[in-house]
Amino acid sequence: MDQRRDSRAGALPGSCPGPESSAADVAERRARIEALIELLGDESTAVSAAVRARLEASGRQALPALRRAARSPQARTRARTRSLVADMERTRTLRRVLGFGLRRNLDLERGLFLLARLERSDFDRRPYTKALDAMGAEVRARVAQAPDGFAAPMALSQYLGNELGFVGCETDFNHPDHIHLHRAIEKKRGMPLTLVAIYLLVARRAGLRAAPIALPGRVLLRLYAGPRSLILDPFLGGRARTRADCVQYLAQHGLVPRPQWFADAGDAALFQRHLLNLLASHQARGLTREARELQQLVSALNRARAARRRAESSSG
C-alpha cells in the first residue's frame with residue numbers, strides 16, 4: 001500500500017503552465033486541477049501534502065474548483081480543501097496589503113477594511129461603510145446647527161462618545177476585536193488607534209478638519225476650529241485633553257516630549273501602526289504563523305520604504 005501511494009505521489013500532475021493558448025489548454029489545466037483535488041482526500045499525509053503544494057502553486061486558477069470541493073460529501077477532502085482555500089486567500093490578501101502599504105498616498109479606511117480580509121476572506125465592507133456614513137451624516141447635521149467655536153467639533157465627541165458609547169476596551173486589550181475596524185464599529189469598543197480611526201472617518205464625512213496625534217502608546221485626535229484646535233481622547237469616550245495632559249502622560253511613562261509626536265499624523269503612519277498592533281495581538285495570543293506572516297510583511301514594507309528614500313535622496 002505504501003509503495004502504491006509513493007508512486008502516486010511521484011506521478012502527481014504538474015502545476016499549471018503559463019497563460020492559456022487555446023480552449024484545449026484550458027480544459028487540460030482544469031482536468032489536472034480536478035485530478036489533484038481528487039487526491040487531496042487521500043488517507044496518506046505524504047500524498048495530500050504533495051497535492052497541496054501543487055495546488056498552491058496553481059494559484060488563483062485552482063480556487064474555483066477548490067471552492068466547489070469545499071462542499072464535498074467526503075469529510076477529509078472537505079476539511080483539507082477548506083484549510084487550503086483559507087491559506088491561499090490569506091496569502092492573496094497579504095500580497096494585496098503589501099502592495100497597498102507601498103502606495104505614496106494611501107487611504108486609511110480602505111486599508112483597515114483590507115486588513116479585515118485577513119480574518120475573513122469574504123469580508124463585506126458595505127455595512128460598515130454605511131454605518132460610518134450614517135454617523136457622519138448625523139454629526140454633519142449637528143455641526144450645521146452649532147454656534148461658532150469649539151461647539152461644532154465637540155458635536156463629534158458628544159455623539160460618538162456620550163450617545164453611541166464608543167469607548168476604550170477595559171479587558172483583553174490586545175484582542176483582534178479591539179483592533180479590526182469593523183469589529184470596533186460593532187462592539188463600540190476598541191484600542192486607542194482603532195477608536196481614533198472611527199472618529200477620524202466620521203469627522204471627514206461630517207466636513208470637520210481632524211488629524212491624529214500619534215503619541216507613543218496612545219493615539220489621540222486633534223480637531224480644528226478655524227485657526228484653533230482641541231485634542232480629544234476617543235479611548236476615554238471623547239474627553240478633551242490639553243497639551244499639558246499629554247506631557248504628563250509621557251512623563252508617567254518616562255518619556256521626554258518630542259515636537260514630532262504632537263504633529264498631525266498621516267494615514268500611512270496610522271496604517272503602519274495598525275499593522276504593528278495586529279502583529280502584537282497575534283504574538284500575545286500565541287498565533288505563531290500569523291505573527292510571522294505579519295512580521296515579514298512589516299519588514300518588507302520597511303525595506304521598500306527605505307530603498308525608496310535612498311533613491312529619492314540620491315536623485316535629489
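So which pairs qualify, if the first residue must be in region 277-288 and under 16 Å from residue 218 (Cα atoms) and of a type in the set (D, E, K, R), the second must be outside any helix (DSSP H, G or I) and at pLDDT below 95, the Cβ gap must be under 9 Å, and the two must be at least 6 apart or on different chains?
Matching pairs, first to second residue: none at all.
What number goes with the only condition from (1) over 24 Å from residue 296 (Cβ atoms); (2) part of a helix (DSSP H, G or I) that residue 86 does not pass?
(1)
With (1) surrounded by 14 or more Cβ atoms within 10 Å (Cβ to Cβ); (2) within 27 Å of the chain's Cα centre (by Cα); (3) outside any helix (DSSP H, G or I) as the list, and residue 103 as the residue in question, which single condition is left unmet?
Condition not satisfied by residue 103: (1).
Could you list, in sequence order, the residues of region 51-76 that are over 23 Å from residue 25 (Cα atoms) and part of a helix (DSSP H, G or I)? Before you say what the answer is, go through the steps one by one.
Of the residues in region 51-76, the ones over 23 Å from residue 25 (Cα atoms) are 70-76.
The answer is 75, 76.
Hey, can you tell me all the residues within region 1-50 that are of a type in the set (S, T, N, Q), in a helix (DSSP H, G or I) and modelled with pLDDT of 50 or more?
45, 48
This table checks each residue for (1) in contact (Cβ under 8 Å) with a residue 24 or more places away in the chain; (2) over 24 Å from residue 160 (Cβ atoms).
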| residue | (1), (2) |
| --- | --- |
| 211 | yes, no |
| 218 | yes, no |
| 229 | no, no |
| 234 | yes, no |
| 246 | yes, no |
| 249 | yes, no |
| 252 | no, yes |
| 258 | no, yes |
| 272 | yes, yes |
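Is it the case that region 122-136 has a residue that's in a loop (DSSP other than H, G, I, E, B), among the basic types (Lys, Arg) and either under 30 Å from residue 58 (Cβ atoms) or in contact (Cβ under 8 Å) with a residue 12 or more places away in the chain (or both)? Can you show your working first?
Going through region 122-136, the residues in a loop (DSSP other than H, G, I, E, B) turn out to be 122-125.
Add one more test, that the residue is among the basic types (Lys, Arg), and what stays is 125.
Cutting the leftovers down to either under 30 Å from residue 58 (Cβ atoms) or in contact (Cβ under 8 Å) with a residue 12 or more places away in the chain (or both) gives us 125.
Yes; the residues of region 122-136 include at least one that is in a loop (DSSP other than H, G, I, E, B), among the basic types (Lys, Arg) and either under 30 Å from residue 58 (Cβ atoms) or in contact (Cβ under 8 Å) with a residue 12 or more places away in the chain (or both).
Quick one: is residue 196 within 25 Å of residue 119 (Cα to Cα) and either assigned to a helix (DSSP H, G or I) or at pLDDT below 95 (or both)?
yes
Matching residues to (1) in the same structural domain as residue 278 (by TED's automatic domain parsing); (2) part of a helix (DSSP H, G or I); (3) exposed (fewer than 14 other Cβ atoms within 10 Å of the Cβ); (4) at pLDDT 95 or above:
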| residue | (1), (2), (3), (4) |
| --- | --- |
| 147 | yes, no, yes, no |
| 152 | yes, yes, no, no |
| 165 | yes, no, yes, yes |
| 171 | yes, no, yes, no |
| 182 | yes, yes, no, yes |
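Would you mind stating whether residue 93 is at pLDDT 85 or above, more than 28 Å from residue 49 (Cα to Cα), among the polar types (S, T, N, Q) and assigned to a helix (DSSP H, G or I)?
On the way: at pLDDT 85 or above: yes; more than 28 Å from residue 49 (Cα to Cα): no; among the polar types (S, T, N, Q): yes; assigned to a helix (DSSP H, G or I): yes.
The answer is no for residue 93.
What do you reckon, is residue 206 among the small types (Gly, Ala, Ser) and modelled with pLDDT under 95?
On the way: among the small types (Gly, Ala, Ser): yes; modelled with pLDDT under 95: no.
No.
The values are calculated or read from the model by the stated rules, or taken from the named source; none is laboratory data. All values derive from a computational prediction rather than experimental measurement. Reconstructed Cβ throughout: ideal geometry from the backbone, glycine too, with neighbour counts over all protein chains shown.
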